[in-house]
Structures are given as C-alpha cells and as structure tokens.
Amino acid sequence: MDIPSVRFLAPCLVLGAFYLLLAVHPHMEDSDEVESKSGRLSEVQARALVAKANQYLEAKENEKALPLFQQLHNAFPQNASFIEQLAKLYSKMNRPKEEAEMWEQFLQSSQLPAEGCPYIGLAYRKLNDEVRAFDSFRRCLEIEENSDTLFFMGHALERRGETGRAEALYEKAMQRAPDYPDVVIGVARIWIKRGKIYKAKELILRQMQQFADNPDALLVAGLACARSQDYPAARKYFARGLQLRPNDPDLKSELAHLGGT
C-alpha cells in the first residue's frame, strides 16, 4: 500500500545536503578563496553557506536563504538537493516560473526524480499553463506509478473531461491508498459524473467522520445525496461546506438550487 506524500511532507531543510555534495564533489579544496568566474566554493565556504541557509529556513527568512542556495546551486549545478531547495523556496515565495524551472532541472538531475512530483505540474498550473501541467503529470506517472502520480494524472484527465480514463486512474490509486483523502474524494466525484450515484454516496459517507471539516468532501457528499434525492442530507452537507468556505461558488449554487440559504 502506498503512503501518499503530497499532503504530509514536512519542509525539507537540507540538513544532509552538504554530505550529498561531498559525494558528488569528493575532491573540493580546503582553500577559503572563491573562484568567482566559475562560481566554485571551497569545502569550508560550502559548509558555512549550508549552515547559514538552514538557519534562515528554520527562521522562515526565505528572502535571506534564497541567495545562499542560488550561490550553492551555481557552484554545484548538478546537486539535486540544492535544486530541490530552490524549487521549494520559489514555491513559498510565489514565484511559479522559477519554481517550474527548478523542478525541470530536478527531474533531470535527481536520482529520485519522482520526488519532484506532482510539484512540477502544480507549478505550471499556478502559471495557468494547463498544457505543460498535463504533460508534467503524465511524465510523473511514467517516472513512477504511485498513489500521488495516479491521482494527479487522473485529476488532470478529469479537468479535460476524460472521465473514463480519469476513473480508471482514480480507482487504481484507491487500491494503493484506500484512505488517501484526495483519492477518495476524486473517486466519489468521478462516480457521480459517471452516473454511479449510490456507489459514490456509499463511499463518501463511509468516510465522513474524517471529512467533517473538508469542504471538497462536503460538496461531493452533498452532490451524492442530492442526486439520490436525499435532499435534507444534501442541504446539511452544502451548508456545512459553506460555513468552512463561504465564497465557494459550487457550494453556493448547489445549496441555492435546493432552496437553501
């Protein structure tokens, strides 16, 4: 069974990045001098930059950490740890163009490229580049098939209206990670779209204890109830969803359609 990673990954502080750096560049000199043209750093300098950058990350001072990681990346352009850290920093700083560029480099440089997934696709989605987002999710699924890559490719297909293909990937993801919230919600939603109303209702309501504060799940539960003519329950779920996300247009529309307020 897969353990989904996307919702539960803690921020990576590259505490071990320097040791990976040594493995990639085992013959760095101990000189304190910097060769400015090549961007090379001595072992002493690299250690100091990593330590300082980690201090800034721990203090959430991203603007100060960024130039240090840029300097490390310039000195060691193939080091996947520094590339990954830059990508995550750009994400935190809402710079999706640079984030996507870093994830592209990460997929090329890392021995574990799947760790760049689904973040590369999500970065392109922030840029409203659905073509590259879709291609990135496809590439991620080709790199490694797991509950995350299956879900995000399924979601990309669903957004394109390819519900049959989306359903197959969602269901495959649920086989691997039956308690993964996004997968359960996605499966139930696609089953509603495919006319499998009672099957969707059974699935989503069985999980409602963990979804009590999840507006997406409450929307799907409300839809399943409404489509099965269980209108009081539908109103309850839509209303609860709106309490949590008052400006959600879908929740507003569905509740209004049922005559709710």
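The values are calculated or read from the model by the stated rules, or taken from the named source; none is laboratory data. Here the structure is a predicted model, which means the values were calculated and not measured. As a convention, Cβ positions derive from the backbone with ideal geometry for all residues, glycine included, and neighbour counts pool all protein chains shown.
For this structure, a couple of remarks:
Results for (1) in contact with a strand residue (DSSP E or B) (Cβ under 9 Å, 6 or more places away or on another chain); (2) closer than 16 Å to TYR180 by Cα; (3) buried (at least 17 other Cβ atoms within 10 Å of the Cβ), shown as yes or no for each residue.
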| residue | (1), (2), (3) |
| --- | --- |
| TYR198 | no, no, no |
| GLN210 | no, yes, no |
| PRO215 | no, yes, yes |
| LEU219 | no, no, yes |
| ARG227 | no, no, no |
| ALA234 | no, no, yes |
| ASP248 | no, no, yes |
| LEU251 | no, no, yes |
| GLU254 | no, no, yes |
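Results for (1) within 23 Å of ALA133 (Cβ to Cβ); (2) in contact with a strand residue (DSSP E or B) (Cβ under 7 Å, 6 or more places away or on another chain); (3) in contact (Cβ under 8 Å) with a residue 40 or more places away in the chain, shown as yes or no for each residue.
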position	(1), (2), (3)
ALA177	yes, no, yes
TYR180	yes, no, yes
GLY186	yes, no, no
ARG189	yes, no, no
PHE238	no, no, no
LEU244	no, no, no
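- Qualifying residue in region 8-29 (condition: modelled with pLDDT of 75 or more, assigned to a helix (DSSP H, G or I) and surrounded by fewer than 17 Cβ atoms within 10 Å (Cβ to Cβ)): no
- Condition met for GLY164 (surrounded by 15 or more Cβ atoms within 10 Å (Cβ to Cβ) and either outside the structural domain of ILE190 (by TED's automatic domain parsing) or under 15 Å from GLU101 (Cα atoms) (or both)): no
- Enumeration of residues in region 203-223 that are within 18 Å of LYS252 (Cβ to Cβ), small (Gly, Ala, Ser) and in contact with a Leu (Cβ under 9 Å, 6 or more places away or on another chain): ALA221, GLY222
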